[in-house]
Amino acid sequence: MIRLPHVPEAEKWAKFMLRKYPQANEEIVLLSVWLHDIGHYPLPTEIDHAIRGEERAREFLEQEKYDSKKMEEVLHCIRAHRCRDVMPKTLEAKIIAFVDSASHMTDPMYFYMSKQDKKNNENFKAYAKMERDIRDLSAFPEVQNELIGLYDAWKNLIKEYEKIDLR
Ligand SMILES: [Fe+2]
Ligand SMILES: [Fe+2]
């Protein structure tokens, strides 16, 4: 999985959301976006990267002697960013879950996933990913609405790509 462009793209989305929701805490949002996928590194494991990410971010922030109240807010953003077993409760955590999904709509991730699946002759996982991503934008319906066109465009593009017998 190609992840390198993801965090800079998510940071752009974080700044976009901070402009729209200036009441959100900028420091919490930016720190969380930078750290939210730290659980993927150094290598993928069986453990959910949101759980491992929370642990690794805690180690890092404690080592940096970061304010403990703010640290808990950042850790919640990281833990809840996948909207699975832990849902985002604060505005900042909702923004992080949003930007994580929104960034997939403006980087080549669905296409890379689909190229990989075509190569391995597997069912395309990008469709389910797109569904989860559009769902995870629902905390901000008006911005979600702005992204519907991109979501439809990706779905069509992947469908057309899937049809081609390229081996
Ligand atoms: Fe993630
Ligand atoms: Fe992410």
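The values are calculated or read from the model by the stated rules, or taken from the named source; none is laboratory data. Not measured: the values here are computed from a predicted model. Cβ coordinates were reconstructed from backbone atoms using ideal geometry, including for glycine residues, and neighbour counts include every protein chain displayed.
Identify, by number, the condition in (1) surrounded by 10 or more Cβ atoms within 10 Å (Cβ to Cβ); (2) among the β-branched types (Val, Ile, Thr); (3) out of contact with any Ser or Thr (no Cβ under 8 Å at 6 or more places or on another chain) that ILE134 doesn't meet.
That leaves (3) as the condition not met.
Can you find a residue in the stretch 125-133 that is at pLDDT below 95, more than 17 Å from ALA24 (Cβ to Cβ) and over 12 Å from the mean Cα position of the chain (by Cα)?
no
Take the residues of the stretch 8-36 that are more than 16 Å from ligand 1 (Cβ to nearest atom) and charged (D, E, K, R): which is nearest to the chain's Cα centre (by Cα)?
Ranking the qualifying residues of the stretch 8-36, first place goes to LYS12.
Suppose we keep only residues that are part of a helix (DSSP H, G or I) and basic (Lys, Arg) within the stretch 37-67. Which one would you say is farthest from ligand 1 (Cβ to nearest atom)? Explain how you work it out, then say what you get.
In the first step, residues of the stretch 37-67 are kept if they are part of a helix (DSSP H, G or I); the result is 38-40, 49-63.
From what's left, basic (Lys, Arg): 52, 56, 58.
Details: ARG52: 11, ARG56: 13, ARG58: 17 Å.
Taking the candidates together, the pick is ARG58.
Checking the structure you have, find out if any residue of the stretch 101-123 is under 15 Å from the mean Cα position of the chain (by Cα), among the charged types (D, E, K, R), closer than 23 Å to HIS40 by Cβ and surrounded by 13 or more Cβ atoms within 10 Å (Cβ to Cβ).
Checked the stretch 101-123: at least one residue is under 15 Å from the mean Cα position of the chain (by Cα), among the charged types (D, E, K, R), closer than 23 Å to HIS40 by Cβ and surrounded by 13 or more Cβ atoms within 10 Å (Cβ to Cβ).
Would you mention how many residues in the stretch 41-50 are closer than 25 Å to SER68 by Cβ and surrounded by fewer than 17 Cβ atoms within 10 Å (Cβ to Cβ)? Break it down into steps so the answer makes sense when it comes.
Start the filter on the stretch 41-50 by keeping residues that are closer than 25 Å to SER68 by Cβ, which leaves 41, 47-50.
With the extra rule that they be surrounded by fewer than 17 Cβ atoms within 10 Å (Cβ to Cβ), the set shrinks to 41, 47-48.
Residues meeting the conditions: 3.
Looking at (1) within 16 Å of ligand 2 (Cβ to nearest atom); (2) exposed (fewer than 15 other Cβ atoms within 10 Å of the Cβ); (3) part of a helix (DSSP H, G or I); (4) not polar (S, T, N, Q), find the lone condition where ARG19 falls short.
(1)
What number of residues in the stretch 100-116 are within 14 Å of ligand 2 (Cβ to nearest atom) and among the polar types (S, T, N, Q)?
3
Got at least one residue in the stretch 87-99 being under 18 Å from the mean Cα position of the chain (by Cα), loosely packed, with under 15 Cβ neighbours inside 10 Å and closer than 21 Å to PRO22 by Cβ? Reasoning before the result, please.
Our first condition is that a residue be under 18 Å from the mean Cα position of the chain (by Cα); within the stretch 87-99, this holds for 87-99.
With the extra rule that they be loosely packed, with under 15 Cβ neighbours inside 10 Å, the set shrinks to 87, 89.
Within this subset, residues satisfying the condition of being closer than 21 Å to PRO22 by Cβ are 89.
Yes, some residue in the stretch 87-99 is under 18 Å from the mean Cα position of the chain (by Cα), loosely packed, with under 15 Cβ neighbours inside 10 Å and closer than 21 Å to PRO22 by Cβ.
Output the residues belonging to the stretch 87-121 that are of a type in the set (Asp, Glu) and at pLDDT below 95.
Scanning the stretch 87-121 gives a single hit, ASP107.
Restricting attention to the stretch 40-62, does a residue exist that is aromatic (Phe, Trp, Tyr), away from ligand 2 (no atom under 16 Å from the Cβ) and either within 13 Å of the chain's Cα centre (by Cα) or closer than 23 Å to VAL143 by Cα (or both)?
Here is the first cut: in the stretch 40-62, the ones aromatic (Phe, Trp, Tyr) are 41, 60.
Filter again for away from ligand 2 (no atom under 16 Å from the Cβ), leaving 60.
After this cut, where a residue has to be either within 13 Å of the chain's Cα centre (by Cα) or closer than 23 Å to VAL143 by Cα (or both) as well, the list is none.
No, every residue in the stretch 40-62 fails to be aromatic (Phe, Trp, Tyr), away from ligand 2 (no atom under 16 Å from the Cβ) and either within 13 Å of the chain's Cα centre (by Cα) or closer than 23 Å to VAL143 by Cα (or both).
If the requirement is being touching a residue at least 24 places away in the same chain (Cβ under 8 Å), in a loop (DSSP other than H, G, I, E, B) and not β-branched (Val, Ile, Thr), which of these qualifies: LEU150, LEU137, LEU157? Explain how you work it out, then say what you get.
On the way: LEU150 fails: in a loop (DSSP other than H, G, I, E, B); LEU157 fails: in a loop (DSSP other than H, G, I, E, B).
Just a single option satisfies the conditions, and that option is LEU137.
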